[in-house]
Structure formats: C-alpha cells, structure tokens
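Peer 1: I am attaching a structure below and will ask some questions about it afterwards.
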Amino acid sequence: MDLGIAGKRAVVCASSAGLGRACAEELARAGAIVVLNGRRADALEATAQSIRDETGADVRTVTGSVADVDVQEALIAAADGAVDILVNNNGGPPFRDFAAVDDDAIREGVENNMVTPIALVRRVLDGMVERRFGRIVNITSASVKTPLAGLDVSSGARAGLTGFLAGIAREVAHANVTINFLLPGSFDTDRLQSGQTLSAEASGRTVAEVRETAAATIPAQRFGFPEEFGAACAFLASDRAGYITGQSLLIDGGAYRGIL
Ligand SMILES: NC(=O)c1ccc[n+]([C@@H]2O[C@H](COP(=O)([O-])OP(=O)(O)OC[C@H]3O[C@@H](n4cnc5c(N)ncnc54)[C@H](OP(=O)(O)O)[C@@H]3O)[C@@H](O)[C@H]2O)c1
C-alpha cells in the first residue's frame, strides 16, 4: 500500500531505540523526511545512519531531552519549521509502589508523559491546519485501558493526555489533521528487557524463566515485535488514515480481554 507520505516531514520524539525507532524506520521506508531524537548522541547518530543506509531517507537528528523547550524548538526547526507528522514519545515512569511515589515523581511523570506531548502538539498544530495535512500519533500505554498497580503515574499521565487531546482532535479534523493514540502492550524493547532483568533478580529466577512466564499470559504467546508497532504508526500517519481520529489503538497480542 502506498501510504502517500513521501516527502512529508516527520518528527519522532525519543526515537534512537525501541518503539520510537520502529516508528521512525517505517516512516522512512514510506519516504518521509524523519527527524530523530534521543539524549545519548552516539546511540542517536548510530540509529540515524542505520535508517539512512536501509531506506535512503533524509534522516535528521536532534540530541537532548524532549522535555526541554529548546529541544522542542530544535525538533521543529529540523523539520524546516513545517511538521506534517508528529509522533509523541518519551521515556516512561519507572515501576514503583504507590507508597513510594512522592509529589516530585508525580510531577515528573505528568511533565514527561502529558505536558511535553501537549507542548509539541501546540507547536505544530496551527501549521498542520494551515497546510490541510497533519498526523499526530501519541505513544501511550496499554495501562491507559488496563491500569497496572506500580505504573500509577504512567496510567494517570497518559490517560490525562488522551483526555486532553480528545476534544482538540475533533476541532482540527475538518482540516485533515488527525490525533490518535497507540497503546503498546508488551513489546520486546530495552525497556521491557530491563524490567524483566530486575524481576529475575528480585525473584531468583532466570531472565528466560521470567520471559517465558510473561509471554504465556499473552494470547499471542509472545511479545510484540517493535516493527509491528512501527507499521501501525506509519498507517495512522499516512494519507490513507485521514478519517481515523481521536482513537486509541491497543496493540497487545490479545492481552486485553474486553471487546470494547
Ligand atoms: N515496550 C513496551 O512494551 C511498552 C509498553 C507500554 C508502554 N511503553 C511506553 O512506550 C514508550 C517507549 O518505550 P520503549 O519500550 O520503546 O522504551 P526504550 O526501549 O527504553 O526506548 C526509549 C527511547 O526513548 C529515548 N528517550 C528516553 N527518554 C528520553 C527523553 N527524555 N528525551 C528524548 N529521548 C528519550 C531513549 O534514548 P535516550 O535514553 O538516549 O534518551 C530511547 O531511544 C515509553 O514511554 C514506555 O513507557 C512501552
């Protein structure tokens, strides 16, 4: 399928690894100009070069935390000031018992996973409306639909983001600007693997045992491949998806047992 986004400018936040990288790769394969971002300059440049080599796409980089205002400005500037596709992503709050969550941890989570993506939407939205094309994809979490104890900050901040942008999505739909949400279940990224390593250490099991037990709880009997996530992101970012807006798409191998 031709996604119809060749030459469009895409900013993919937090994209030197994991789900963000997978989204950037798929957008580059579709011919978009892609701006990558991450805090570790060496990892970011290595990823950018790898995507250039594979796709031949124009891949640009901005180093630094996406929560920083100057980094946000640099991301827009790297897309020549005209962002057509914005993929909002950031690191997620750590797993932490509610008793250990203080006000600073809550503020940090809300800043990273709600305030920062809204700030980026604010920066790109008017231009998208003027140009009559815009695709905003927010990477949130399955925890928006199925909150998990220990991920309370994540669930709350991401549900807040989803609610905040829901009304805005309807306000800009007339201008071919869409705002959607991708909710990952368990995808085999560094983040998932580091959590499994900690869980193995805490329980005295091997990492392989922890992975096997976790995968067995998922109807698909495996973790998601990041490229499966990237493909869904590229579709929502495509010209073909102009009639899908304000939606949350759960990608979890069937782990969520409800039908709505
Ligand atoms: N993987 C899953 O199964 C899963 C499930 C539910 C939700 N999620 C959520 O999805 C998001 C992505 O997860 P992931 O598994 O892809 O994580 P990951 O493998 O740890 O990758 C995170 C990426 O984000 C970058 N990053 C982190 N903080 C950043 C910041 N402040 N500014 C700019 N870049 C930053 C990292 O690079 P640097 O460290 O160099 O900055 C890295 O490229 C997270 O919010 C996570 O909580 C993931």
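Peer 1: Sort the following peptides by mean Cβ neighbour count (other Cβ atoms within 10 Å, averaged over residues), highest first: 77-85, 22-30.
Peer 2: Those peptides, ordered most packed to least, come out 22-30, 77-85.
Peer 1: Okay, next question. Given an 8 Å cut-off on Cα distances and at least 6 residues of separation, report the relative contact order of the chain as a percent.
Peer 2: Once divided by the residue count of the chain, the mean separation gives 21 percent.
Peer 1: Along the Cα-to-Cβ line of ARG257, 7 Å from the Cα, sits a label point; which residues in the range 201-228 have backbone N less than 16 Å from it?
Peer 2: 216-221
Peer 1: Just the number: Rg to Rh for the range 57-208, Cα atoms, Kirkwood Rh, two decimals.
Peer 2: Ratio of gyration radius to Kirkwood radius: 1.02.
Peer 1: Follow-up. Probe radius 1.4 Å, ligands and nucleic acids left out: which of TYR243, TYR256 has the largest accessible area, and how do the rest follow?
Peer 2: Ranked from most to least accessible, the order is TYR243, TYR256.
Peer 1: With only alpha-carbon pairs counted, each pair once and no self-pairs, how large is the Kirkwood hydrodynamic radius of the range 1-143 in angstroms?
Peer 2: Evaluated on the range 1-143, it is 15.5 Å.
Peer 1: Take the Cα coordinates of the chain, assign each an equal point scatterer, and use the Debye formula without solvent to give log10 I(q)/I(0) at q = 0.15, 0.17 Å⁻¹.
Peer 2: Treating every Cα as an identical point scatterer, log10 I(q)/I(0) equals -1.09, -1.39.
Peer 1: Another question, if that's okay. Report, in cubic angstrom per residue, the convex hull volume of the C-alpha atoms of the range 38-84.
Peer 2: Hull volume over Cα atoms, normalised by residue count, gives 67 Å³.
Peer 1: Provide, as a two-decimal number, the C-alpha radius of gyration of the range 83-123 over 2.2 N^0.38 Å, N being how many residues it has.
Peer 2: For the range 83-123, the normalised Cα radius of gyration comes out at 1.40.
Peer 1: Sticking with this structure for a sec: Roughly how tilted is helix 152-172, in degrees to the nearest 10 and between 0 and 90, from the longest Cα axis of the chain?
Peer 2: Helix 152-172 sits roughly 20 degrees off the main axis of the chain.
Peer 1: What's the ranking of 184-191, 98-105 by average number of surrounding C-beta atoms within 10 Å, highest first?
Peer 2: Those peptides, ordered most packed to least, come out 184-191, 98-105.
Peer 1: Quick one: helix 116-131 against the long Cα principal axis of the chain, what's the angle to the nearest 10°, folded into 0 to 90?
Peer 2: 30 degrees
Peer 1: With no solvent and one point on each alpha carbon, what is the Debye value of log10 I(q)/I(0) for the range 1-46 at q = 0.15, 0.24, 0.28, 0.31 Å⁻¹?
Peer 2: At q = 0.15, 0.24, 0.28, 0.31 Å⁻¹ the computed log10 ratios are -0.35, -0.78, -0.96, -1.08.
Peer 1: For ILE218, what residues show an amide H to amide H distance below 5 Å, using hydrogens built from the backbone and excluding near sequence neighbours?
Peer 2: Under 5 Å from the amide H of ILE218 lies no amide H from a residue far enough along the sequence or on another chain.
Peer 1: Same structure again: Heavy-atom accessible area of SER199 with all protein chains present, probe 1.4 Å, nearest 10 Å²?
Peer 2: Accessible area, nearest 10 Å²: 40 Å².
Peer 1: If the elastic network links every pair of Cα atoms under 10 Å, which of THR217, THR162, THR146 fluctuates the most in the Gaussian network model of the chain?
Peer 2: THR217
Peer 1: Same structure, new question: Treating only the Cα positions of the range 115-173 as identical point scatterers, give the base-10 log of I(q)/I(0) from the Debye formula at each q in 0.20, 0.29 Å⁻¹.
Peer 2: So the normalised log intensities work out to -0.77, -1.23.
Peer 1: Using only the Cα atoms, work out Rg/Rh for the range 171-260, with Rh taken as the Kirkwood radius, to two decimals.
Peer 2: Dividing the radius of gyration by the Kirkwood radius yields 1.11.
Peer 1: Could I get the Rg over Rh figure for the range 154-221? Both from C-alpha atoms, Rh via Kirkwood, rounded to two places.
Peer 2: Using only Cα positions, Rg/Rh for the range 154-221 is 1.20.
Peer 1: Among ALA41, GLY204, THR217, whose Cα sits farthest toward the positive end of the charge dipole of the chain (+1 at Cβ of Lys/Arg, -1 at Cβ of Asp/Glu, about the Cα centre)?
Peer 2: THR217
Peer 1: Compare the Cα positions of PRO184, GLY246, VAL83 along the charge dipole of the chain (+1 at Cβ of Lys, Arg; -1 at Cβ of Asp, Glu; about the Cα centre) and return the one farthest towards the positive end.
Peer 2: GLY246
Peer 1: Rounded to the nearest 10 degrees, what's the angle between the helix 18-29 long axis and the longest principal axis of the chain, both from Cα atoms, 0 to 90?
Peer 2: On a 0 to 90 degree scale, this one is about 30.
Peer 1: Scale the Cα Rg of the range 1-77 by the rule-of-thumb value 2.2 N^0.38 Å and send over the ratio, two decimals.
Peer 2: That ratio works out to 1.01.
Peer 1: For ARG205, what accessible surface area do you get with a 1.4 Å probe? Give it in Å², rounded to 10.
Peer 2: Its heavy atoms expose roughly 90 Å² to the probe.
The values are calculated or read from the model by the stated rules, or taken from the named source; none is laboratory data. Not measured: the values here are computed from a predicted model. Methodologically, a virtual Cβ is constructed for each residue, glycine included, from the backbone with ideal geometry; neighbour enumeration extends over all protein chains shown. With ligands, DNA and RNA removed, areas are computed over all heavy atoms of the protein, side chains included. Shrake-Rupley method; radii C 1.70, N 1.55, O 1.52, S 1.80 Å.
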